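Just so it is clear, none of the values below were taken in a lab; they were calculated from the coordinates. Given the structure is predicted, the values throughout are model-derived calculations rather than measurements. Using ideal geometry, Cβ is built from the backbone for each residue, glycine included, and neighbour counts are taken over all protein chains shown.
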Amino acid sequence: MNVRGEFLREAPMTCMLTLADISGDTWSEDITPAPKVLGRSESADIRLDHSSVSRQHCRFWFDEGNCFIEDCGSTNGTFVNGLKVEREKIAPGDTIVVGRFELVVEDKDRVQMTVDLPEEPRSRVLLLDQRAEEKHLARVIHQRMTPSRRMSLPGLVADVLYTPSGLLGGDCFDAFELNNRWILSLFDPMTHGVKAAMHSMLLRAELHRWISLTAEPARCLQWINSELSLLGINDLYITAVVASWFPRTQTLVYAAAGEHPPLVLRDGKVRNVGEIAGGLPLGIQTGEHYAEHLVQLKTGDRVYFFTDGVADALHGDQSSAIAVLDLTQRLEETASLILPDQLHAVLKDAPTEPLDDILLVGCEVQGN
């Protein structure tokens, strides 16, 4: 039975789009019978002024109890729940990716009911014991930091597959624009719960601060490492990968701290398995040196970022080096699949409630 379809037919509703930008800005827009065009153009009904968004990217409308989205021939495409669409019916809970922006479809009436709730009864979360409340808060923070989604960057599309563990390890992937490049970063704190979430947010703040001064991944890691080491906070140890993506030249420069560097797949073969990580995790000791690597990519190449939770999901009883070899084999065996299908195929045997966070990010180079 198509539960979603039945739900739409039986209970027509007024829907709205909500945007939560990476800057923290949030707005909502009603979906109405009159089509609304979303795009970069000043004449667009819903304007998102960014180069990843086409002038007229897509349009939304409401008709006979259903909401619809239609791509307007955009450059980077329109995605609903990770799948590229031309024209699609949408419903509350669906996630839409337009360029670098993520929008969520919501039931306006239900949102309004939530807003209008009286102060009593107290929130269920407030009635939980402190440990359960902290775990709930940690899960919310982790889901906000790294949702599973597709990101369209200039010359690069990235699919993020994230499964938090029951303990919540704090794995995080981030991407932001800096002058003529994009900064891609992956963090994995060696703690769990709220502490891990706080450590990830601290590292993201430090990264944004230092990368704007040096713009070199290796030197940035060295400065962050020194900063964390001097803070004197217990258990503040984090593995990380920082990379600079230059879309005009299709060049990737990266450095790693305690993590395996990103794997590069070309013509069905991984080219850099076993590459030296370049340094200890951040925060362990000052003066650590981090190696920097430069790789010239071409259209069709794929690059994969991953944390050790992926290795544990593949073979928890093996060393990380052996698990990376197994990951390499799976990537090569599934290279013919489209990127999001490949990531799911690689982790098809992963547990639904892993012991450690599972974070696998696949990036595919697009033509200039």
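Figure the gain on full extension for residue 208 and residue 272 (residue separation times 0.36 nm, minus the Cα-Cα span) and round it to one decimal in nm.
Values: separation 64, 0.36 × 64 = 23.04 nm, distance 2.78 nm.
This chain segment gains 20.3 nm when fully extended.
Once you have the Cα-Cα distance between residue 91 and residue 332, take 0.36 nm times their residue separation minus that, and quote the gain in nm to one decimal.
Gain on stretching residue 91 to residue 332: 83.2 nm.
In region 211-368, what is the volume of the convex hull around the alpha carbon atoms, normalised per residue and reported in Å³?
On the way: hull volume 19.3 nm³, N = 158.
For region 211-368, the hull spanned by Cα atoms encloses 122 Å³ per residue.
Holding the Cα-Cα limit at 20 Å, pick out from 269/298; 36/108; 298/348 the pairs that are longer than that.
Working: 269/298 14 Å; 36/108 17 Å; 298/348 28 Å.
Over 20 Å apart, Cα to Cα: 298/348.
Grab the other residues whose beta carbon is less than 15 angstrom from that of residue 291, score K and R as +1, D and E as -1, and report the net. Can you show the working numbers first?
Working: positive: 219; negative: 216, 259, 275, 288, 292.
Residues close to residue 291 contribute a combined charge of -4.
If R0 is 30 Å, what FRET efficiency do you get for residue 226 and residue 249 from their C-beta distance, rounded to 0.05?
For R0 = 30 Å, the calculated efficiency reads 0.50.
Where the only charges are on Cβ atoms (+1 Lys, Arg; -1 Asp, Glu), what is the dipole of region 171-247 about its Cα centre, to the nearest 20 debye?
Details: 5 positive and 8 negative charges, 24 e Å.
Magnitude of the dipole: close to 120 debye.
Using 1/(1 + (r/R0)^6) with R0 = 30 angstrom and r between the beta carbons of residue 286 and residue 178, what's the FRET efficiency to the nearest 0.05? Present the calculation step by step, with values, prior to reporting the outcome.
Details: r = 26 Å, r/R0 = 0.86.
Efficiency, from the Cβ-Cβ distance: 0.70.
Round to the nearest 0.05 the FRET efficiency obtained for residue 81 and residue 49 when R0 = 25 Å and r is the Cβ-Cβ distance.
Values: r = 25 Å, r/R0 = 1.02.
According to the calculation, E is roughly 0.50.
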